[in-house]
Amino acid sequence: GDSVTQMEGPVTLSEEAFLTINCTYTATGYPSLFWYVQYPGEGLQLLLKATKADDKGSNKGFEATYRKETTSFHLEKGSVQVSDSAVYFCALSFRAAGNKLTFGGGTRVLVKP
Amino acid sequence: NAGVTQTPKFQVLKTGQSMTLQCAQDMNHEYMSWYRQDPGMGLRLIHYSVGAGITDQGEVPNGYNVSRSTTEDFPLRLLSAAPSQTSVYFCASRNGGAGSTDTQYFGPGTRLTVL
């Protein structure tokens, strides 16, 4: 079946550091890809998405590019802030499967001042 | 709009007890779903509904029942709780039917412990 693999955390960074969270997927076909963020004590929020190969999703300084050659959707941010401390989830969905989301295990990011 | 609301926020049950986790949304969304979140496993789909009166199973449906009598509400029932159901439960909703790519909105979660 479909699956999403992302790097295990926690990832600990200093403020203004560069952040990369790797995400790769296994699926038959070309799914839509998502990054969700979960701040402490809250539900998940959509951070960005890409629906076809080579699309770049971006939001709040975060970016991710849909790479079908490497089946990847790595999340990057050039200069993190303490407020970016959260758990980040990579996910995929297929329209033909009712757009049900398949999530990776999540990566906890801690940004220190 | 309140968005997606869930009650209770926390719950402790004994093995064999039953309970209902409540979920409501005020955005007139057709699609609603329940997920459980376990450490290192991300979120896994339990049940979903594409509209009032229509429900279907997700990846991990065993031990859970759902119904959808109104567009707004989608309760999740545990008939006989087991320690393996200790988890954080999230309800989500989005606009459109099964083929929609609209954003899913998540509730704040219910943390359930089964002793």
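Laid out as a table, the results:
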quantity	calculated
Rel. contact order, % - alpha carbon contacts under 8 angstrom, at least six apart, chain A	37 percent
Segment A:45-95: projected area of the alpha-carbon convex hull, averaged over directions, in nm²	4.0 nm²
For the protein assembly as shown, size of Cβ-based charge dipole, Lys and Arg +1, Asp and Glu -1, in debye	340 debye
Inter-chain shielding of B:42-48 (mean C-beta neighbours from other protein chains, 10 Å cut-off)	5
Within the accessible area of chain A (1.4 Å probe), percent carbon and sulfur	48 percent
Proximal charge balance of A:Tyr66 [Cβ under 10 Å; K/R count +1, D/E count -1]	+3
Chain B, relative contact order [Cα under 8 Å, separation at least 6], %	35 percent
GluC sites (Glu not before Pro) lying in DSSP loop within segment A:23-106, provided at most 11 other Cβ fall within 10 Å	A:Glu69
Where only C-alpha atoms are counted, convex hull volume of the protein assembly as shown per residue in Å³	119 Å³
Calculated FRET efficiency for the pair A:Tyr30/B:Arg77, C-beta based, R₀ 35 Å, to 0.05	0.45
Total accessible area lost when B and A pair, probe 1.4 Å, Å² to nearest 100	1500 Å²
Too-long pairs where the Cα-Cα distance tops 19 Å, listed order kept, from A:Lys60/A:Lys100; A:Lys52/A:Lys77; A:Lys52/A:Lys100; A:Lys77/A:Lys112; A:Lys56/A:Lys100	A:Lys60/A:Lys100; A:Lys52/A:Lys77; A:Lys56/A:Lys100
Gained length - A:Glu16 relative to A:Lys60, 0.36 nm times residue gap less alpha-carbon distance	14.4 nm
Potential lengthening between B:Leu115 and B:Met41 on full extension [0.36 nm per residue; Cα-Cα distance subtracted]	24.5 nm
Å² per residue, accessible surface of segment A:9-54 at 1.4 Å	49 Å²
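The values are calculated or read from the model by the stated rules, or taken from the named source; none is laboratory data. Everything quoted here is computed from the prediction, not taken from an experiment. When we count neighbours, we look across all protein chains shown, and the Cβ atoms used for this are built from the backbone with ideal geometry, even at glycine. Just the protein is used for accessible areas: all its heavy atoms, side chains included, with ligands, DNA and RNA removed. Shrake-Rupley method; radii C 1.70, N 1.55, O 1.52, S 1.80 Å.
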